[in-house]
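Asks: To start, I am sharing the structure in question, which I have written as C-alpha cells.
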Amino acid sequence: MDFADAPNRAFCLKINGTSLNRIAPNGSFILVDPDDASLRDGLYYVVSVDGETTAKKYRDTDGPIRLEPDSTDPHETLYPAEEWQVVGRIVQVSRRV
C-alpha cells in the first residue's frame, strides 16, 4: 500500500518512543486506519489505555488479552482492564532515510 492509496479516513502519527522499534523506529510515521478496529491476533494497533495512547501488537492467544511491545528495548506488556479503546489498526510504516 502506498500512502496515496490509504483508506479514506486514515491518518498518520509520528512514533515517539521505542516500544515498536522492530517495525516502527522512533521518529518514523505510522498510517492508522480508524475504520479497521476489529482486533486480530498478531496485528498492530493504536489504542487508548487509561487515557494514554500507545501503539502495540494485539495478542489474544496463549493467555489473556494483552498489548505487547515489539522492541529490542525492554518494555512492559499491557494487560488492559476496563478502560481501553481501539483508535485504529496500523496499516503502514514509513520513515525518512
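Asks: Looking only at region 71-83, how many residues end up being open to solvent by 70 Å² or more (accessible area, probe 1.4 Å) and not acidic (Asp, Glu)?
Replies: The qualifying residues number 5.
Asks: If only one of Glu68, Glu76 is modelled with pLDDT of 95 or more and farther than 11 Å from Ile90 by Cα, which one is it?
Replies: The conditions single out Glu68.
Asks: Of all residues in region 39-70, how many are open to solvent by 20 Å² or more (accessible area, probe 1.4 Å), touching a residue at least 12 places away in the same chain (Cβ under 8 Å) and not β-branched (Val, Ile, Thr)?
Replies: Summing the residues that are open to solvent by 20 Å² or more (accessible area, probe 1.4 Å), touching a residue at least 12 places away in the same chain (Cβ under 8 Å) and not β-branched (Val, Ile, Thr) in region 39-70 gives 17.
Asks: Would you tally the residues in region 1-58 being among the acidic types (Asp, Glu) and more than 20 Å from Trp84 (Cα to Cα)?
Replies: So the count comes out to 2.
Asks: Just wondering, is there one or more residues in region 9-32 that are in contact (Cβ under 8 Å) with a residue 24 or more places away in the chain, more than 26 Å from Val97 (Cβ to Cβ), open to solvent by 70 Å² or more (accessible area, probe 1.4 Å) and in a loop (DSSP other than H, G, I, E, B)?
Replies: Yes, some residue in region 9-32 is in contact (Cβ under 8 Å) with a residue 24 or more places away in the chain, more than 26 Å from Val97 (Cβ to Cβ), open to solvent by 70 Å² or more (accessible area, probe 1.4 Å) and in a loop (DSSP other than H, G, I, E, B).
The values are calculated or read from the model by the stated rules, or taken from the named source; none is laboratory data. Because the structure is predicted, anything quoted here is derived from the model rather than measured. Using ideal geometry, Cβ is built from the backbone for each residue, glycine included, and neighbour counts are taken over all protein chains shown. SASA here: full protein model, heavy atoms, side chains in, ligands and nucleic acids out. Shrake-Rupley method; radii C 1.70, N 1.55, O 1.52, S 1.80 Å.
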